[in-house]
Amino acid sequence: MGNNRDAVRRLAAAVMAAVCGLALTACSTGPLGLPTKGAVQTLAPAEQQTRRVYTNPEGPSEDAQPETIVKGFYDAMPAGVQSDGYRVAREFLTSAASSGWNGDSSAVVYGGTPEFRRRANTMSAPQGAESSLIVEVRLQAIGLLDSHGVYRPADSTKTRTISYTLIKTKGQWRISSLEDGVVISSADFEQVFRQVSVYQVAKSGKQLVPDVRWLGWRNWRTQAVNEVLGDVPGWLSGTVHEAELGAISLAVDSVPLKDSAVTVELTSGVTMLTSEERALLVHRIRLTLGDGNTGYTLKVTGDGVDYSDADSDVKLGTDQPNVGVYTLTGGHVVSLASSSPLRMGDVPGYDDAKGFVFSSSGGAVLRADGVVECLESDGTTCGAMFDGIPMKAITAGLGGEIWAVDEDGRALYVSHERKETKLQPEWLGNTDRIMAVAVSPEGARLALAVVGEGFNGVEMTGVSRDGSNTVDGLGKGVTTVSLTRNVGMLTFYNDLNLVYATLPQDDDNRQEAYRQVAPGPAQVQRLPDVTVAAMASGQISLYRRLAVLDTQGTVRSVSGSLDGSWSIADSQVTALGAQ
């Protein structure tokens, strides 16, 4: 039966992927490659909930062996997260173990096929039990979820062992001791967990920040509202608005959907908020439950008072700014935004440039000697930036910002309207070096490729901005996005999806690339069959696309699900950038 269920799940996953490809706004992984023009359909949460496949596990069979009991428990756990509240999963446990086990406390996500092995239990069987033994499950963990739905990657090169103690009573084996949390295969993960953006308000008050969580489908709305009311995650601390919401909770442990209307009943603490704080809270709940959309019916009450319209004057939205992609080609700045490349200005003398950023208001070029040179909107120089300190990488930020990583990889710099600020990441390990950075579309998050003895992979932190939207600091901590080693380039494809690639490895210039909802499980990103030197994302020929520059000077791009065919966008290119 287990093999049949696996086959059904694989088929279901394929069907789900096809549905997502047809209606990207309805899938929890977020939209990819939407056109910049035309109407966008807003789907209500009720419509999104129907686009998944339910698992239907079976309980333990008579006289099942210990390994079979544990395998059956593994088959039943996904349905517990998704729909049945662990009703079937608990049939594999003793009554005492069932009453003490909390499946919602955490999750281990694994790849491949687990290995089940029994071994002797050195402890004597408890009174009333005929015998006792231990079943060990060896698996390759690829990710971990905490009780708040925050995902962090696990080192998949290491084997993880999870032990289950079983006892035999009345001739039947049952699990009598186990750790809290569930163990879910990567194939089941996106069927039973839902990606939800818990929208935070940036400290500047001018942006909404998607704080990605993975919540069980069974009660995701209830969990999501609890996370809106909860503490800000450590990596965003100091960069987003941290309201005092400790006195507010759900009046009932449920957020029901009935007749296409979502109802949120809060306790009386909501009446103690100022009208502005209440408006932001309602707005955050509305966008979090609507996947960034407001086109559905939401009823929010507190102590019998209807606050459903409290956010009617809040203008904060989740729209992403249009980002242009530019190349430095043959001494010219070229825009790739339209169907035909357009020259924006002349910039001779940078044939060996190491980096490039440009927009309609100007930009910068990273010269071969590491100095960042400012460019006016027509391409003419406006002098050296950052006091001529050598840099190893530059990237675009919000509203014309130029971000740079110093040559040592120990400090970041940002320039906006000729005002330059140095940022010293306090959380950076003593031996770690930043190789590249990418700024999220709303400008409140920073992804960093870090290489060192303390850490080697991709991390993300918050960006602090004052009331005028000027950068004044970084988050107090980081969250790990990927453990992929030697990442040398990365870009936000949109507000949720990050794409990154390693530096060329060995004599074959082998490169690895991945894309993922950040933070979330990674998927392999196919690259053109060339050595990639740089990547960027933005509007190319009116569509949001991922662009890469190879070492031969050709820019190729891909859109949609990012698995399609790469098309040539420009040639004889020296450097690639976006703004």
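According to the square roots a ≥ b ≥ c of the eigenvalues of the Cα gyration tensor, what is the shape class of region 500-579, taking rounded for a/c under 1.5, prolate for a/b larger than b/c otherwise, and oblate for the remainder? Each step should come with its number before you reach the end.
Numbers: a/c = 1.72, a/b = 1.02, b/c = 1.69.
In terms of gyration-tensor shape, oblate.
Taken as entire DSSP H runs, the helices of the chain that both span 20 Å or more between Cα atoms along their own long axis and average 0.0 or more on the Kyte-Doolittle scale are 2-22, 66-79, 275-289.
Applying Stokes-Einstein at 4 °C and 1.567 mPa s to the Kirkwood radius of region 482-534, computed over alpha-carbon pairs, gives a translational diffusion coefficient of 113 µm² s⁻¹. Here the sum of -39500 (n - 2.57) over DSSP H runs of 4 or more residues, divided by the residues of the chain, equals -4000 deg cm²/dmol at 222 nm, to the nearest 500. When each of the peptides 550-559, 397-406 is scored by the mean number of other C-beta atoms lying within 10 Å of its residues, the order from highest to lowest reads 397-406, 550-559.
Which order do the peptides 500-508, 113-121 come out in when sorted by mean C-beta neighbours inside 10 angstrom, highest first? Can you show the working numbers first?
Details: 500-508: 15.3, 113-121: 13.3.
Packing proxy ranking, top to bottom: 500-508, 113-121.
Directionally averaged projected area (the chain, Cα convex hull): 28.6 nm².
What net charge is computed for the residues neighbouring V347, neighbours being all others with C-beta under 12 Å from the C-beta of V347, Lys and Arg scored +1, Asp and Glu -1? List each step's numbers first, then the result.
On the way: positive: R343, R367; negative: D346, D351, E373, E376, D378.
My count for the surroundings of V347 gives -3.
Dipole of the chain (Lys/Arg Cβ +1, Asp/Glu Cβ -1, origin at the Cα centre): which of G538, L145, T169 lies farthest to the positive side? Farthest towards the positive end: T169. Annotation: the antiparallel percentage among DSSP beta bridges lying fully within region 82-204 is about 85.
What percent do you get for the relative contact order of the chain when only Cα pairs under 8 Å and 6+ apart count?
Working: 1399 pairs, mean separation 70.1, N = 579.
After rounding, I find 12 percent.
Each reported figure results from applying straightforward, stated rules to the coordinates on display, with no laboratory input. Here the structure is a predicted model, which is why all the values come from computation and not from measurement. Cβ: placed from backbone, ideal geometry, glycine included. Neighbour counts: every protein chain shown.
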